[in-house]
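*Asks:* What follows is a single structure, and I will ask about it in a moment.
Values quoted throughout were computed directly from the atomic coordinates according to the rules given, and no laboratory measurement underlies them. Since we're looking at a predicted model, the values are computed, not measured. Cβ placement follows ideal geometry from the backbone for every residue including glycine, while neighbour counts extend to all protein chains displayed.
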Amino acid sequence: MKILVTGGAGFIGSAVVRYIINNTKDYVINVDKLTYAGNLESISMISDSERYDFVQADICDKAALEQIFATHQPDAVMHLAAESHVDRSISGPAEFIETNIVGTYTLLEAARAYWSELNGPKKDIFRFHHISTDEVYGDLPHPDEWNNDEILPLFTEITPYAPSSPYSASKASSDHLVRAWQRTYGLPCIVTNCSNNYGPYHFPEKLIPLVILNALEGKSLPIYGKGDQIRDWLYVEDHARALYTVVIKGEIGETYNIGGHNEKKNLNVVLTICDLLDELVPKDKSYREQITYVADRPGHDRRYAIDAGKINHALGWKPLETFETGIRKTVQWYLDNHTWVDNVKSGAYKSWVEQNYGKRK
Ligand code: NAD
């Protein structure tokens, strides 16, 4: 299989690219614009593979996408490229509309034009796999406000969409476009909606890497509101394996929810990180003393939690990491990879790309 991965220089996309090159015989064409969130250093270990190719392109660029499909003739698309940070979507939604909605539309049209010209087995195996988030469902009741005996509900594949932020609204729009292209044009699409990911190579603006790095630098550890928002955490390598399982074995037209069965309050996540750092890099005071509380994010969803029963029963996927094993690996990874962190934070990786990658292209 030749798989066109969009956003393969991002956090989850790079885990998908590493997974495919290291664990399968498939080929990857990584199409990424290299925004602030894209970092080729995260896939430097596989970039010399003969089964890997990179094209720097914007998914909103129709001509570039047509050229990429014509040149590389992919058997599947795994679409991860997106603007992904909720706080940035609140301060500047325009890029989220452009990349997440217009970009997905442009990619769908390029894929449709390519797929409609295919014949025989190449046409039969083609898949367009759209990677989305559980945030499209809005939020769920919170245990602190749940006063009856019933089990707290989870997001399922038929939960109605009710996005709260510009980010989740833009992702919801893109999911609807993908479903419409499947239903109207017959483009063989599959959608996955996943809970919050964490793990190595995570850009340090998101909660877990931000807390690890701020703690080590002696900075404050900001908690939104009371820190009682609940997220269902999934280790990124479990997500990458789930996505590959779906693109290979998933049913056309289906949606699969992916989650880690790890519901945690944000405050408890931060406390766990502090306790791990107290053990691994002890200092005279506990890292917990660096915690500060800041004004809550506008429209902040209270609880997300995924029912991942469908992908488990239909495709046999389940996570391998618990939160306890995954967070320990993650904290250790950030302790061991100062150079990656320094390069990302300073922007120095861009010159690393020119030196290391520029030679090949
Ligand atoms: P990320 O922000 O780390 O990476 C996004 C990648 O897309 C970057 O490499 C960036 O350069 C690229 N990109 C952005 N705009 C582009 C454009 N116009 N053209 C081409 N490339 C572009 O994101 P992530 O956390 O890896 O998320 C990947 C996907 O998974 C997103 O679609 C996101 O909605 C979804 N998702 C993320 C999470 C999570 O917890 N991070 C959870 C569920 C689903």
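*Asks:* I want to make sure I understand the PRE zone here: with the label point 7 angstrom from the Cα of I248 toward its beta carbon, which residues in segment 270-313 have backbone N atoms less than 17 Å away?
*Replies:* Hits in segment 270-313 for I248 at 17 Å: 311-313.
*Asks:* Now for a different question. If we count other beta carbons within 10 Å of each Cβ, what is the order of Y224, Y334, fewest first?
*Replies:* With the sparsest Cβ surroundings first, the list reads Y224, Y334.
*Asks:* Please give the per residue volume of the convex hull enclosing the alpha carbon atoms of segment 67-198, rounded to a whole number of Å³.
*Replies:* Taking only Cα atoms, segment 67-198 has a hull volume of 139 Å³ per residue.
*Asks:* Between L335 and D149, what FRET efficiency comes out of the Förster formula 1/(1 + (r/R0)^6) with R0 = 30 Å and r the beta carbon distance, rounded to 0.05?
*Replies:* So the FRET efficiency works out to roughly 0.10.
*Asks:* At 222 nm, what helix-only mean residue ellipticity would the chain give, in deg cm²/dmol to the nearest 500, using -39500 (n - 2.57) for each DSSP H run of four or more?
*Replies:* Result for the chain: -12500 deg cm²/dmol, rounded to the nearest 500.
*Asks:* Could I ask something else about it? Report the antiparallel proportion of the DSSP beta bridges in the chain as a percent, rounded to a multiple of 5. Show your work: numbers first, answer last.
*Replies:* Values: 3 of 39 bridges.
Restricted to the chain, the bridges split so that about 10 percent are antiparallel.
*Asks:* Another question, then. Relative contact order (percent) for the chain, with alpha-carbon contacts under 8 angstrom and 6 or more residues of separation?
*Replies:* For the chain, the relative contact order is 18 percent.
*Asks:* Please list, ordered by chain and number, the residues whose modelled amide H lies under 5 Å from the amide H of I258; skip anything fewer than 5 residues away on the same chain.
*Replies:* Amide H neighbours of I258, under 5 Å, 5+ apart: N193, C194, S195.
*Asks:* Follow-up. Please figure out what share of the DSSP beta bridges in segment 185-314 is antiparallel and state it in percent, rounded to the nearest 5.
*Replies:* 20 percent
*Asks:* Here's something else I'd like to know. For N119 paired with Y161, estimate the spin-label separation in nm (one decimal), with each label point 7 Å from Cα along the Cα-to-Cβ line.
*Replies:* My value for the distance between the label points is 3.7 nm.
*Asks:* Charges on Cβ only, +1 for Lys and Arg, -1 for Asp and Glu, centred on the Cα centroid of the chain; of V136, N100, S170, which one is farthest towards the dipole's positive end?
*Replies:* Of the listed residues, the answer is N100.
*Asks:* Which of S84, A15, Y36 sits farthest toward the positive end of the charge dipole of segment 1-130, with +1 on the Cβ of Lys and Arg and -1 on the Cβ of Asp and Glu?
*Replies:* The residue sitting farthest along the positive end of the dipole is A15.
*Asks:* Also, I was wondering about something else. Could you sort out which of K226/K310; K33/K264; K33/K171 sit more than 22 Å apart by Cα distance in this structure?
*Replies:* K226/K310; K33/K264
*Asks:* By a straight-distance test (C-alpha under 17 Å), which lysines pair with K122 as possible cross-link partners, with residues fewer than eight away in the same chain excluded?
*Replies:* Reachable lysines: K2, K249.
*Asks:* Continuing with the same structure: What FRET efficiency would be calculated for the residue pair R288, L213, taking the C-beta separation as r and a Förster radius of 22 Å, to the nearest 0.05?
*Replies:* On the way: r = 16 Å, r/R0 = 0.74.
So, using R0 = 22 Å, E works out to roughly 0.85.
*Asks:* Restricting to Cα atoms and excluding each atom paired with itself, what does the Kirkwood estimate give for segment 229-320 in Å?
*Replies:* Averaging 1/r across every pair of different Cα atoms and inverting gives 15.8 Å.
*Asks:* Find the relative contact order for segment 198-303 and round it to a whole percent, using C-alpha pairs within less than 8 Å whose residues are 6+ positions apart.
*Replies:* The normalised contact order for segment 198-303 reaches 41 percent.
*Asks:* Under 5 Å between amide hydrogens, which residues at least 5 positions from K2 or on another chain qualify, with H placed 1.01 Å from N in the peptide plane?
*Replies:* Y27, D75, A76
*Asks:* Among Y19, Y287, rank each residue by its count of other Cβ atoms within 10 Å, from fewest to most, as a rough exposure measure.
*Replies:* Listing Y19, Y287 from fewest to most nearby Cβ atoms yields Y19, Y287.
*Asks:* May I have the extent of the alpha carbons of the chain along their three principal axes, as whole Å values ordered from largest to smallest?
*Replies:* The Cα atoms of the chain stretch 65, 55, 38 Å along the principal axes, largest first.
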